[in-house]
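None of the figures in this text is laboratory data; all of them are computed from the coordinates on show. Keep in mind that what you see is a predicted model, and the values were worked out from it rather than measured. Don't worry about glycine lacking a Cβ; one is built from the backbone with ideal geometry, like all the others, and counts go over all protein chains shown.
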Amino acid sequence: MYREFFKYEVSKLEPYELLTDESKKHIETAELIDFEDLYLEGSEVLIVKYQRITGTLLDGKALKILEELRVRRNKFTHGLHRDFIEPNYIVEAIAEFLTLIWGTSWISDFRDVMVTEPLYGLFDDDEENMQLLQYLKFFEDYLSQRKFKKLIGMPIIGRRYLCPNCQENVIESGSQIDANYACLEPNEPESIEIHCWLCHGYSEVERRECSQDSCRSNVIYPEDSWKIHVNNICLTCSGEQGN
Ligand SMILES: [Zn+2]
Ligand SMILES: [Zn+2]
């Protein structure tokens, strides 16, 4: 995957730079050459060219991960399969690549190419968010909270709350996955608004204690909301509040 990313970024600016010097010579002649017959630069050279052409400097940690991936890839392609590869290694490697190299714009880039199937009652962005929610939960199952929050650009510190917009869609579409990617905005104890890192919407909240005995939260979605499923609930335990 990472190689395709570098190829794409280089080819947007200087497509000839994807080719080795030998292949560049070929296309300068009058001979008719098929693209398939040309040689593309290998990963190591591509990474150097990517940095020079895009003016992006990859830090030591990113380069270390790329080197590790190269070695692993070689072992699995050409080696004797003496090492095992665990799913969490793959998920962590993808997350590191997205966080350190692609950056948090990966989410909006991914949205652009996501194939969506309309769910019951949901269309467009709402439906996209519900699909994205499944991917986020998948990453979350494998990553530490810190790594996960960095991956989606959420603040590292601060409690997480249900987003009333997304949670309404979760219930509406019959999903079982809670959409708890909202933080207080600003991320301070007294705030009366939350921001969701899935739908990027904002919601006003009331700061009063949850009426459920077992819950110590104090972020409540107001009663007079037009949303039918999440109206008057606690955004931590989703418990309905008395009037
Ligand atoms: Zn949301
Ligand atoms: Zn509660």
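A few points about this structure:
- Rounded to whole Hz, the Karplus (6.51, -1.76, 1.60) HN-Hα couplings of region 98-105, x for glycine and proline: 5, 6, 7, 10, 6, x, 5, 5
- Semi-axis lengths (Å, descending) of the ellipsoid that matches the C-alpha gyration tensor of the chain: 46, 19, 17
- Helix 124-142 and the long axis of the chain differ in direction by around 80°, with both axes built from C-alpha atoms.
- From its DSSP helices (H runs of at least four residues, each -39,500 (n - 2.57)), the chain gives a residue-normalised ellipticity at 222 nm of -13500 deg cm²/dmol.
- Percent of C-alpha pairs per 5 Å bin, region 106-174, short to long: 3, 15, 23, 24, 20, 11, 3, 0
- Karplus-based coupling profile of region 51-60, in residue order and whole Hz: 5, 5, 6, 8, x, 9, 9, 7, 7, x, with θ = phi - 60° in 6.51 cos²θ - 1.76 cosθ + 1.60 and x standing for Gly or Pro.
- 0 to 90° range, to nearest 10: angle between helix 87-96 axis and the chain longest Cα axis: 90
- At 1.002 mPa s and 20 °C, Stokes D of region 6-64 from Kirkwood alpha-carbon radius, µm² per second: 173
- Mean Cβ count within 10 Å, highest first, over the residues of peptides 213-222, 127-136: 127-136, 213-222
- P(r) weight above 14 Å for region 135-201, C-alpha pairs, percent: 58
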